[in-house]
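Novice: Take this structure first; my questions come after.
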Amino acid sequence: MAVEGYLRARPRRVRWREWLRGRRYTLASFADRERPLVVVAHSFRDAARVGQLVAAVEEDWPRVPESCREAYEEILRKAPAVLVVQLRRTNICGCLAHRHVLVKEAPFAEPHEALEGAPAGEMDIAFDRVEGWLASPLMDTALDTQFIAGSRLEEFRAQQLRLRLLSILLHEAHHMVYSQDPEDSVRGRSLAFYREALAAYVENTRATMSLTIDRSFSRLGRD
Ligand SMILES: [Zn+2]
C-alpha cells in the first residue's frame, strides 16, 4: 500500500506544521497479509510506546497459535485497508481504547487513492492504561508469581503487554467490522485470544528454558 508515499507527497507546509506539533506516523503490517495496514498516529515523545505496538503486530502476530489467528481471519479480511490507531498515554474516561465512528486523524479523514479509495478505520488506545490493566486477573497474577523469581520476568511482562495491545487492536477491529456484535462476545473473543496467546508463550518459554541451565526458572517445572 502506498501510504508512506501518500504521506510524503502532501504539501510541505502541511507536513511542517504536523512535524512541529510533534505528530508522527509509524506504519506496521501483519506479516501474513497486505491489509489492513496499521498506521500509528502518535506524539514524537512516545516512540518507545509505539515500538511495542509495532512489535505486537509485526512480530507477535505471526507467533501466536494458529487458532488465535484464525479467530480473527475474517475480521482482518473485512477490516478497512487502513487502520489508524491514535496512540495516547491515557484517556480521561479511563477506557483502554475506543473505536471512532468518524476518522479524526486529518490525513486519513477522507478516502484517498493511496488508501485504496475506501474510508480508513480509526481507534485510540491508551497505552499506560493498557499497561496497568489486568486483562485476566487470575491468570496474570498466577503467571507473574511463577515468573517472579525468574530472570525472565521483565521479558515476560513486555510480552504480556504486547499481547494485550494486540488483543485490544483486534477487539476494536472486530467492533468496526461487526458493529452489531454485543460487547460480551467481542470481549470474549479478544480475551480468549490474549489468554491462549499468552499461555502458548509461557509454554514455549518453558520448553526453551528447560534446555538451558537457569535455576531461577525451575519453579515453572512440574516438580
Ligand atoms: Zn468493546
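Novice: Could you pull out the residue among A81, A9, A71 that is over 14 Å from the mean Cα position of the chain (by Cα) and surrounded by fewer than 17 Cβ atoms within 10 Å (Cβ to Cβ)? Full working, then the answer.
Specialist: Working: A81 fails: surrounded by fewer than 17 Cβ atoms within 10 Å (Cβ to Cβ); A71 fails: surrounded by fewer than 17 Cβ atoms within 10 Å (Cβ to Cβ).
A9 is the lone residue from the list that is over 14 Å from the mean Cα position of the chain (by Cα) and surrounded by fewer than 17 Cβ atoms within 10 Å (Cβ to Cβ).
Novice: Being without any contact (Cβ under 8 Å) to a residue 40 or more places away in the chain and over 30 Å from V14 (Cβ atoms) narrows it down to one of P111, P137, P119, so name that one.
Specialist: P137
Novice: Looking at (1) surrounded by fewer than 17 Cβ atoms within 10 Å (Cβ to Cβ); (2) in contact (Cβ under 8 Å) with a residue 24 or more places away in the chain; (3) under 18 Å from F127 (Cα atoms), find the lone condition where E34 falls short.
Specialist: Failing condition for E34: (3).
Novice: Just give me the residues in the range 68-126 being within 16 Å of the ligand (Cβ to nearest atom) and among the acidic types (D, E), in sequence order.
Specialist: Once the filter is applied, which keeps residues that are within 16 Å of the ligand (Cβ to nearest atom) and among the acidic types (D, E), the range 68-126 yields E122, D124.
Novice: Right, another one. Could you name every one of the helices (runs of 4 or more DSSP H) located completely within the range 97-183 that has at least 1 residues being at pLDDT 85 or above and buried (at least 17 other Cβ atoms within 10 Å of the Cβ)?
Specialist: Details: elements: 127-132, 137-148, 153-177.
Hits in the range 97-183: 127-132, 153-177.
The values are calculated or read from the model by the stated rules, or taken from the named source; none is laboratory data. No experiment lies behind these values; they were computed from the predicted model shown. For neighbour counting, all protein chains shown are included, and Cβ atoms are generated from backbone atoms with ideal geometry for every residue, glycine included.
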